[in-house]
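Participant: Sending over a structure as structure tokens; questions will come in a sec.
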Amino acid sequence: MGTPQDALGDRATFSAYGNGNTYVFPQGTNTLCAAAAVDAEQGLAYGALAASTPTGCLSTGIVDFATTAEDPERAPVAHVVLAEVPDDVDVVDVFVASQLVQGVPVEDGPLEPTVEEAAPAVGTGWPSVDAAEVAEADDSRSVFDLQSRVKDLSEDVTTTQDGEQQELDLDASVLFATDEARLTSRARSVIADAAEQIEAAGTSGTITVTGHTDSNASDSYNLDLSQRRARAVGRALEQRLPDGITVRTEGKGEAEPIADNGTAEGRALNRRVTITLPS
């Protein structure tokens, strides 16, 4: 799973799609609500419908789903209501319980037989869904773009496509020595490769270069370091970009991690400089 990028939590990675695609769970990572029907071809994910319930979405209640002490071996059936998939989509991948099931056919109508029990035992029937609650639900926060990430291991550049927004992530561990904002000799070729990708994309207008750090050191130190690193990359980029492209720089410090800072691997991913192209 990816790290949420804002207070709502809006990103999660499906690594089963080769280099990785990302989707966002607005209702958090509750086991039931962290589900989606994924249309990889169109780059869209249809997530759980938000609701004012203990789970945060239209689903089986937590109490109903719990295995009771009297019958610990009973396996209950639970449900979660997802945003409606378009009529022209006949196959999706289903993300549920931290697993991805690919190639699931889409069919109309309820599963049968339905029973009144909220969480019936497996094999005895399917829980009924309140049609009125579904009709009243707002799906505006439940349909999201997948985010594709492609890593070029030879150039230390990761290309991210999120809808019409394209970003290039440059590995700060390659660009700079530890705690430094002076570009390494290897950084020049990495930035040159990034400039070629920017030009090849037909970019015009303003691109934004953003520095990011891991969570080591203080907030103020990391913010300053990220700003200085962004300026260094921005200056080097400007020398390689054609007329019609301007460069804006900023630093975020440790404020926008894309991985867990509790591991060495996660910290390495968070140390990066992101180039955002205009959409």
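Taken together, the values in this text are just the output of simple stated rules run on the coordinates, not laboratory data. Keep in mind that what you see is a predicted model, and the values were worked out from it rather than measured. Please note: Cβ atoms are built from the backbone with ideal geometry, for glycine as well, and neighbour counts cover all protein chains shown.
Participant: Using only C-alpha atoms and all pairs of different ones, pull out the Kirkwood radius for the range 153-276 in Å with one decimal. Present the calculation step by step, with values, prior to reporting the outcome.
Facilitator: Working: mean 1/r = 0.0697 Å⁻¹.
So the Kirkwood estimate lands at 14.3 Å.
Participant: Would you list D71, D224 from fewest to most Cβ contacts within 10 Å?
Facilitator: Working: D71 10, D224 17.
Ordered from fewest to most neighbouring Cβ atoms within 10 Å, D71, D224 come out as D71, D224.
Participant: If you count, for each residue, the other Cβ atoms within 10 Å and average over each peptide, how do 44-56, 242-254 line up from highest to lowest? Don't skip to the end; give the middle numbers.
Facilitator: On the way: 44-56: 20.1, 242-254: 15.8.
Put in order of decreasing packing, that is 44-56, 242-254.
Participant: Taking the beta-carbon count within 10 Å as an exposure proxy, list V81, V104, V122, V233 from fewest neighbours to most.
Facilitator: Ranking V81, V104, V122, V233 by Cβ neighbours within 10 Å, fewest first, gives V122, V104, V81, V233.
Participant: Based on other C-beta atoms within 10 Å, arrange D39, D108 from fewest to most.
Facilitator: On the way: D39 20, D108 5.
If I rank by nearby Cβ atoms, fewest first, I get D108, D39.
Participant: If all Cα-Cα distances of the range 150-217 are sorted into 10 Å bins from 0 onward, what percent lands in each bin, rounded to whole numbers?
Facilitator: Pair shares across the bins are 17, 52, 27, 4.
Participant: Set the Förster distance to 41 Å, then compute FRET efficiency between N261 and V89 from the Cβ-Cβ distance, nearest 0.05.
Facilitator: Numbers: r = 38 Å, r/R0 = 0.92.
Calculated transfer efficiency: 0.65.
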